[in-house]
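We did not get these values from a lab; they are worked out from the coordinates using the rules stated. Treat the numbers as computed from the prediction; the structure is a model and nothing was measured. Using ideal geometry, Cβ is built from the backbone for each residue, glycine included, and neighbour counts are taken over all protein chains shown.
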Amino acid sequence: MITLKSEREIAGMRRSGALLAQTHLGLRKVIKPGISGMDIENFADHFITSHGGTPSEKGFEGYQYATCVCVNDEVAHAEPRKDIILKAGDIVSVDMTIELDGYQSDSCWTYAVGEISPERQHLMEVTKKALYLGIDQAQVGNRLGDIGYAIQHYTEDQEKMGDVRDLIGHGIQPTMHEAPNVPHYGEPGKGLRLKEGMTITIEPMITLGTWEIKSKWTPDEWEYFVTADGTDAAQYEHTIAITKDGPKILTSQDPIADQKYL
Ligand code: MF3
Ligand code: CO
Ligand code: CO
């Protein structure tokens, strides 16, 4: 069932999203060559809880961490590890969902570790632009296929990159994952019609090669995903509200760049 949120609920999600955005802004200063995945986890967990939030990924289907930390060819759901030391040239995606006063927000961001190659820089730029092209379609009266098509057409037809199909965005609030599913591929004019008050995530995972991913398992049988061909992947995710004044980004990190979505 899709629940439509009131202005009051969206305001609550906006407060949650602001704390999540602050956590990401803090990570910008933490992420540098020589730190481990666990350093990212520890910073985020402490930052969220010390500001009154709860990391919603902890305890979700047995997951034990506040963050998912994906390096280079890792696509999603990788655990933060203390034996993975980031080096200059890596890219690292940090995905977090938090709850604040009963309100959820979910946002992933890809970071460059030190100086990175122009290819990886381009991958990050394309992935972020794909997210915003998707957000631009999240208008009352449009359909889910309009969001998916905008992302797929740009990343695959224009940029010749891989647009991961097997993991998708989702409704959010009151829990982390709600209806509807929000695929990052599709056909314009197809799929569910978007209504005022829907709150969803858009979270494209884009690769330098194929859209196909494969599973890996940790020793404690947690499943995570890497690109099938070993190429690099990036991911950007925002939580957004669909309103009569257009899509509103609830997890914005940049009031100037996001001006028209606030
Ligand atoms: N934040 C992720 C999402 O975008 C969910 C990760 S689930 C976890 O949907 F258990 F792996 F943390
Ligand atoms: Co997420
Ligand atoms: Co999500």
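In summary, the lysines within cross-link reach of Lys58, defined as a Cα separation below 22 angstrom excluding same-chain residues under 8 places away, comprise Lys82, Lys216.
Computed about the Cα centre, the dipole magnitude for the chain is approximately 760 debye when only Lys and Arg (+1) and Asp and Glu (-1) carry charge, each at its Cβ.
So the label point goes 7 Å from the Cα of Asp157 along Cα→C-beta, right? Which residues of the stretch 115-135 then have their backbone N under 13 Å from it? Counting backbone N atoms under 13 Å from the label point, the list is empty. Database remark: amide H of Gly209 closer than 5 angstrom to the amide H of Gly162 (H placed geometrically; neighbours at sequence offset of 5 or more, or on other chains; Pro and chain starts carry no H). Residue-wise HN-Hα couplings along the stretch 226-233, as the Karplus relation 6.51 cos²θ - 1.76 cosθ + 1.60 with θ = phi - 60° gives them from phi, are 10, 5, 5, 9, x, 6, 6, 10 Hz; Gly and Pro carry x. With each label modelled as a point 7 angstrom along the Cα→C-beta vector, the Phe60-Ser36 pair spans 2.4 nm. Taking 7 Å steps out from each Cα toward its Cβ at Glu125 and Glu212 produces label points 3.0 nm apart.
Helical runs (DSSP H, four residues minimum) scored at -39500 (n - 2.57) apiece and divided by the length of the chain put the mean residue ellipticity at 222 nm at -8500 deg cm²/dmol. If a/c stays under 1.5 just call it rounded; otherwise compare a/b with b/c (prolate if a/b is bigger, oblate if not). Do that for the stretch 180-262, with a ≥ b ≥ c from the square roots of the Cα gyration tensor eigenvalues. Note, shape of the stretch 180-262 comes out prolate. Listed values for the stretch 204-210 are Karplus-derived 3J(HN,Hα) couplings in whole Hz (6.51 cos²θ - 1.76 cosθ + 1.60, θ = phi - 60°), namely x, 10, 10, 10, 7, x, 7, and x replaces Gly and Pro. Past 23 Å, Cα to Cα, is the threshold; run Lys32/Lys128; Lys160/Lys248; Lys195/Lys260 against it and keep the listed order. As for pairs spanning more than 23 Å Cα to Cα, those are Lys160/Lys248. Computed over Cα pairs, the Kirkwood radius of the stretch 7-257 leads via Stokes-Einstein (1.002 mPa s, 20 °C) to a diffusion coefficient of 120 µm² per second. With N counted as the residues of the stretch 1-117, its alpha-carbon radius of gyration over 2.2 N^0.38 Å works out to 1.10. Here's the picture: charge each Lys and Arg Cβ at +1 and each Asp and Glu Cβ at -1 in the chain, and of Ile31, Ser215, Pro255 the one pushed furthest to the positive end of that dipole is Pro255.
Of all aspartates and glutamates in the structure, the ones whose alpha carbon falls short of 14 Å from that of Lys5, not counting any fewer than 8 places away in one chain, are Glu178, Glu196.
Could you give the distance between the Cα centres of the stretch 132-202 and the stretch 1-39, to the whole Å? One Cα centre to the other: 20 Å.
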